[in-house]
Amino acid sequence: MIVYYPPNHYLHQILEVINGVITITDESPERVEVIKSALQEHGGFIFKKPDICNEKLIGQVHDKDYLNFLKNSQDWQRLEFPSVSDYTKKSKSPAHFIAKKGFHIFDTYTPLTKNLWLVAKESASCAVSASNLLVGKKEKVVYALSRPPGHHATKNMAGGYCYLNNAAIATQNLINRGAKKIAILDIDFHHCNGTQDIFYQTNKVLTISIHADPNRKFPYFTGFKSEIGSGPGKGYNYNFPLPEKINDRQYLKILVSSIKIIKKYKPEYLVVSVGFDSYEKDPICDFSISLNGFNLIGKELSKLPYQTLLVQEGGYCLKDLGKCALSFLTPFL
Ligand code: Q9C
Ligand code: ZN
């Protein structure tokens, strides 16, 4: 399997503020290094550097003001956290940097770093380069080992360790290259509020997310069953919020229902936002998916007839992340 790896991701190192306390984050560079080592040791994976993607493509998914805000990263000498929250609920990016941070970042877990534009673009480029290998039936499945993750990033906001929505940008690339119907299945522990936001009004993309009940876990504001899409997108967004301690058998049932919805839609491509934070030993999450569970999930998805783009999202159990990735990925080989 071909794997796209972001060459400068380690330049992006963050801290997070939790309840006013600056704290070591679980979103560390080691996450992708651990996965990379496990895949290299296995031997069935070929690593490639991404081609840096067109900024016009990124601009089809994210607002221009937001991208300009991220681009100014060279100027930042330290981590920049938001200080004020936007109280106007208007849609225009404000002029002052303090206000911009409040407008374009929705939590205190996702600071700006000095190399952000470079590393965020490389992360998105992994997903885009991988998607390009699907076009023309060159590959059945390609894996983007993206970092930073992407699925919480909305059209104009960073959050949940995400800045650019890698899966959404790759999906837009497939649309630009002729695809009329694409299904995105998000199996990260957290609701994909960003991906939902970006494709909420279109029927060209079916978005399905299986995640922790937002009444209990981040991102708190979205991920409810009632969010079904709007306008032409009505009926093309599905959320499966779940209680804590969900086990393999219970998860597989929900996965099978999601697959039924995907089959009915008949997409040309399947994009899977893969998070290993539903793992039983994840330090910040509360599902009970085992290594065998990831293997079963991988088996179900690999059986499908669709060309598939796998995009890495979350997953924080450094000790077992390599095993999680191998359990999930080997059925696709
Ligand atoms: N340290 C992704 O999995 N929660 N983002 C922070 C615990 C934020 C998760 C509090 C979780 C964001 C891509
Ligand atoms: Zn997550």
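The values are calculated or read from the model by the stated rules, or taken from the named source; none is laboratory data. Values in this document were obtained by computation on a predicted structure and should not be read as measured data. Ideal geometry is used to build each Cβ from the backbone, glycine not excepted, and the neighbour counts take in all protein chains shown.
When the residues of the stretch 123-162 are filtered to those that are charged (D, E, K, R) and within 14 Å of the chain's Cα centre (by Cα), which remaining residue is farthest from D197 (Cα to Cα)? Let's see the steps before the verdict.
Filtering the stretch 123-162 for residues charged (D, E, K, R) gives 137-140, 147, 155.
With within 14 Å of the chain's Cα centre (by Cα) added as a condition, the list becomes 147, 155.
On the way: R147: 21, K155: 7 Å.
The extreme case among them is R147.
Within the stretch 150-167, is even one residue free of Cβ contacts under 8 Å to residues at least 12 places away in the same chain and either within 16 Å of ligand 2 (Cβ to nearest atom) or on the phi > 0 side of the Ramachandran plot (or both)?
As a first pass, look at the stretch 150-167 and keep what is free of Cβ contacts under 8 Å to residues at least 12 places away in the same chain: none.
Looking through the stretch 150-167, none of the residues is free of Cβ contacts under 8 Å to residues at least 12 places away in the same chain and either within 16 Å of ligand 2 (Cβ to nearest atom) or on the phi > 0 side of the Ramachandran plot (or both).
Filtering the stretch 35-79 down to residues that are surrounded by fewer than 19 Cβ atoms within 10 Å (Cβ to Cβ) and of a type in the set (F, W, Y), which residue is farthest from D197 (Cα to Cα)?
Among residues in the stretch 35-79 that are surrounded by fewer than 19 Cβ atoms within 10 Å (Cβ to Cβ) and of a type in the set (F, W, Y), the one farthest from D197 (Cα to Cα) is F47.
Restricting the search to the stretch 63-97, which residues are in contact with a strand residue (DSSP E or B) (Cβ under 7 Å, 6 or more places away or on another chain) and not polar (S, T, N, Q)? Before the answer, list the steps.
Going through the stretch 63-97, the residues in contact with a strand residue (DSSP E or B) (Cβ under 7 Å, 6 or more places away or on another chain) turn out to be 73, 76, 79-82.
The answer is W76, L79, E80, F81, P82.
When you scan the stretch 158-168, do you find a residue that is under 15 Å from P267 (Cβ atoms), in contact with a Lys or Arg (Cβ under 8 Å, 6 or more places away or on another chain) and not in a loop (DSSP other than H, G, I, E, B), even just one?
Within the stretch 158-168, not a single residue is under 15 Å from P267 (Cβ atoms), in contact with a Lys or Arg (Cβ under 8 Å, 6 or more places away or on another chain) and not in a loop (DSSP other than H, G, I, E, B).
Filter the stretch 228-278 for residues that are on the phi < 0 side of the Ramachandran plot, charged (D, E, K, R) and touching an Asp or Glu at 6+ places or on another chain (Cβ under 8 Å) and give the result. Explain how you work it out, then say what you get.
So the first thing to find is which residues in the stretch 228-278 are on the phi < 0 side of the Ramachandran plot, and the list is 228, 230, 232-234, 236-244, 246-265, 267-278.
Within this subset, residues satisfying the condition of being charged (D, E, K, R) are 234, 244, 248-249, 253, 260, 263-264, 268, 277.
Selection gives E244, D277.
Given H211, H190, which one is within 16 Å of ligand 2 (Cβ to nearest atom), assigned to a loop (DSSP other than H, G, I, E, B), buried (at least 24 other Cβ atoms within 10 Å of the Cβ) and under 17 Å from the mean Cα position of the chain (by Cα)? Steps first, answer last, please.
Numbers: H211 fails: assigned to a loop (DSSP other than H, G, I, E, B).
Exactly one residue qualifies, and that residue is H190.
Would the stretch 115-137 turn up any residue that is within 16 Å of ligand 1 (Cβ to nearest atom), of a type in the set (F, W, Y) and in contact (Cβ under 8 Å) with a residue 24 or more places away in the chain?
no
Would you mind telling me which numbered condition in (1) away from ligand 2 (no atom under 16 Å from the Cβ); (2) closer than 30 Å to K138 by Cα; (3) buried (at least 16 other Cβ atoms within 10 Å of the Cβ) P7 fails?
(3)
Can you name the helices (runs of 4 or more DSSP H) wholly within the stretch 223-333 that have at least 3 residues being more than 16 Å from ligand 2 (Cβ to nearest atom), at pLDDT 95 or above and over 30 Å from L133 (Cα atoms)? Give the derivation first.
Working: elements: 248-265, 291-302, 321-329.
Answer list for the stretch 223-333: 248-265.
Given the options I208, I184, I175, I198, name the one that is at pLDDT 95 or above, within 16 Å of ligand 1 (Cβ to nearest atom) and within 24 Å of S302 (Cα to Cα). Break it down stepwise before answering.
Working: I208 fails: within 16 Å of ligand 1 (Cβ to nearest atom); I175 fails: within 16 Å of ligand 1 (Cβ to nearest atom); I198 fails: within 24 Å of S302 (Cα to Cα).
Step by step, each of I208, I184, I175, I198 is checked, and only I184 is at pLDDT 95 or above, within 16 Å of ligand 1 (Cβ to nearest atom) and within 24 Å of S302 (Cα to Cα).
Take the residues in the stretch 246-267 that are touching a helix residue (DSSP H, G or I) at 6+ places or on another chain (Cβ under 8 Å) and not hydrophobic (A, V, I, L, M, F, W, C); name whichever of them is surrounded by the most Cβ atoms within 10 Å (Cβ to Cβ).
Y251
Taking K89 and the conditions (1) in contact (Cβ under 8 Å) with a residue 24 or more places away in the chain; (2) loosely packed, with under 14 Cβ neighbours inside 10 Å, which numbered condition does it fall short on, given that it satisfies the others?
The single condition K89 does not satisfy is (1).
So, in the stretch 68-117, exactly how many residues are among the hydrophobic types (A, V, I, L, M, F, W, C), closer than 12 Å to M157 by Cβ and part of a helix (DSSP H, G or I)? Give the derivation first.
Within the stretch 68-117, the subset among the hydrophobic types (A, V, I, L, M, F, W, C) is 69-70, 76, 79, 81, 84, 95, 97-99, 103, 105-106, 112, 116-117.
Checking which are closer than 12 Å to M157 by Cβ leaves us with 69-70, 103, 105-106.
When the remaining residues are screened for being part of a helix (DSSP H, G or I), the result is 69-70, 103.
Number satisfying all stated conditions: 3.
Given the condition small (G, A, S), over 14 Å from I2 (Cα atoms) and out of contact with any helix residue (DSSP H, G or I) (no Cβ under 8 Å at 6 or more places or on another chain), answer yes or no: does some residue in the stretch 139-157 qualify?
So the first thing to find is which residues in the stretch 139-157 are small (G, A, S), and the list is 144, 146, 150, 153.
If we keep only those that are over 14 Å from I2 (Cα atoms) too, we end up with 150, 153.
Right, trim to out of contact with any helix residue (DSSP H, G or I) (no Cβ under 8 Å at 6 or more places or on another chain) and you get none.
Looking for residues that are small (G, A, S), over 14 Å from I2 (Cα atoms) and out of contact with any helix residue (DSSP H, G or I) (no Cβ under 8 Å at 6 or more places or on another chain), one finds none in the stretch 139-157, hence no.
Would you mind stating whether V84 is farther than 13 Å from P6 by Cβ and either surrounded by fewer than 18 Cβ atoms within 10 Å (Cβ to Cβ) or not acidic (D, E) (or both)?
Details: farther than 13 Å from P6 by Cβ: yes; either surrounded by fewer than 18 Cβ atoms within 10 Å (Cβ to Cβ) or not acidic (D, E) (or both): yes.
Yes, satisfied.
So which residues in the stretch 75-114 are within 25 Å of the chain's Cα centre (by Cα) and more than 20 Å from V17 (Cβ to Cβ)?
Selection gives S91, S93.
Yes or no, residue by residue, for (1) on the phi < 0 side of the Ramachandran plot; (2) touching a Lys or Arg at 6+ places or on another chain (Cβ under 6 Å):
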| site | (1), (2) |
| --- | --- |
| L11 | yes, no |
| E16 | yes, no |
| N19 | no, no |
| T23 | yes, no |
| P29 | yes, no |
| V32 | yes, yes |
| K36 | yes, no |
| F45 | yes, no |
